[in-house]
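Structure record follows, encoded as structure tokens.
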Amino acid sequence: MKFVYAVGARPNFVKTAPVIAEMRRRLPDASHVVVHTGQHYDRMMSDVFLDQLGVGRADHTLGVGSGSHAVQIGRVMERLEPVLDAERPDFVTVSGDVNSTLGVALVAAKCQIPLAHIESGLRSHDRTMPEELNRIVADESSELLFVHCQDAVENLRREGVGDEGIHFVGNTMIDTLVLFEQRFRAAKAWARLGLRPGGYLLVTLHRPPLVDSPLLGRVMDRLSELAQELPVVFPVHPRTQKMLDGRLSPQGVLLCEPLGYLDFLSLEVDAAAVLTDSGGIQEETTFLGVPCFTLRDNTERPVTIRAGTTTLLGLDPDRIRDILPALRPPDGSRAPPPLWDGAAATRVADVLERAVA
């Protein structure tokens, strides 16, 4: 038996790593092939991440790099096709909704290789988001659709997906978080930045509607205001750094390089709150019980709003002023959503193993 696991961006690594580990453990005689598309190629966004997650070096690296959506997807398709032709796996596994996910899904479909999609069924119902189109096409191309919440099940049913293809396995990203929880809680990354636990706002922003527009300058102005009362630490995504380009120097905001997985989680778990436009961080903060303020008009993860941890601010930088009045102590009594329990990869592996039996 042979399985190909395709990853390309930081969120993919976190979601796929526990599945690779579990499949290697239970099927040691099978061939487990890791393909890294290279959509994230910065060392802190890619190599260090794979090292910390224990995945190791990829068997194939496609080196697609940056570019427009069409360029990235086209490069993935062009460079992945000969790999799949040579490997001819029993299944290809992808996760999430980045451009690499769509490119891999299309090539697997063209090569008539069964596809498994981790994190299927999420919908923002906003087709202006490239990620929304990526999710829809990847799900349409998949034989096995692994979902982590009931919202995803209902979305897929509405789109005509039969229940036989939908597998409610839970959240594999939480598996990775649980695996490293003791380590990141002990890391105290805040101390190296001169901060104190519970005494700062953690910021991460990277989506084009914010960072590719004049809104970014307004965000920095509002963060500078907030930093007069609560320190702000902002690990800057390479895309965001490119747009800042030294032109916007927010007073009182600590800008730093992208962090490794453990250091970022260490800052996240001890933050007073997180400001983000990331979907995955909405999930991490929900599990950790940290208030999360999301600078978006919508979210494909309404389960995190119902959990009481995510607050949608809209695409309005002025609403950053609402964060301080809304802060509350972490509520340790909140239970995470169903099957966000650290065992999702085991359930994924159960399904994959049955599919190739």
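The values are calculated or read from the model by the stated rules, or taken from the named source; none is laboratory data. Not measured: the values here are computed from a predicted model. No Cβ is skipped: glycine too gets one built from the backbone with ideal geometry, and neighbour counts run over all protein chains shown.
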Item to complete: Determine, yes or no, whether Gly54 is out of contact with any Ser or Thr (no Cβ under 9 Å at 6 or more places or on another chain), at positive phi and of a type outside the set (D, E, K, R).
Response: yes
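Residues are listed down the side, and each one gets a yes or a no for (1) crowded, with 22+ Cβ neighbours inside 10 Å; (2) at pLDDT 95 or above; (3) out of contact with any helix residue (DSSP H, G or I) (no Cβ under 7 Å at 6 or more places or on another chain):
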{"residue": "Val19", "(1), (2), (3)": "yes, yes, no"}
{"residue": "Glu22", "(1), (2), (3)": "yes, yes, no"}
{"residue": "Asp29", "(1), (2), (3)": "no, yes, yes"}
{"residue": "Asp47", "(1), (2), (3)": "no, no, yes"}
{"residue": "His69", "(1), (2), (3)": "no, no, no"}
{"residue": "Arg88", "(1), (2), (3)": "no, yes, yes"}
{"residue": "Val94", "(1), (2), (3)": "yes, yes, no"}
Discussion item. For a quick check of your reading: which helices (runs of 4 or more DSSP H) sit entirely within segment 245-357 and have at least 3 residues that are in contact (Cβ under 8 Å) with a residue 12 or more places away in the chain and surrounded by fewer than 17 Cβ atoms within 10 Å (Cβ to Cβ)?
Written reply: 344-356
Item to complete: Considering every residue within segment 168-176, establish whether at least one is under 21 Å from Thr285 (Cβ atoms), crowded, with 22+ Cβ neighbours inside 10 Å and at pLDDT below 95.
Response: yes
Discussion item. Within segment 107-225, considering only strands (runs of 3 or more DSSP E) that don't extend past its boundaries, which have at least 1 residues that are within 30 Å of Leu84 (Cβ to Cβ) and without any contact (Cβ under 8 Å) to a residue 40 or more places away in the chain?
Written reply: 115-118, 144-147
Response to the item:
Note on Ala271: of the conditions (1) at pLDDT 95 or above; (2) farther than 26 Å from Ser124 by Cβ; (3) among the hydrophobic types (A, V, I, L, M, F, W, C), unmet is (2)
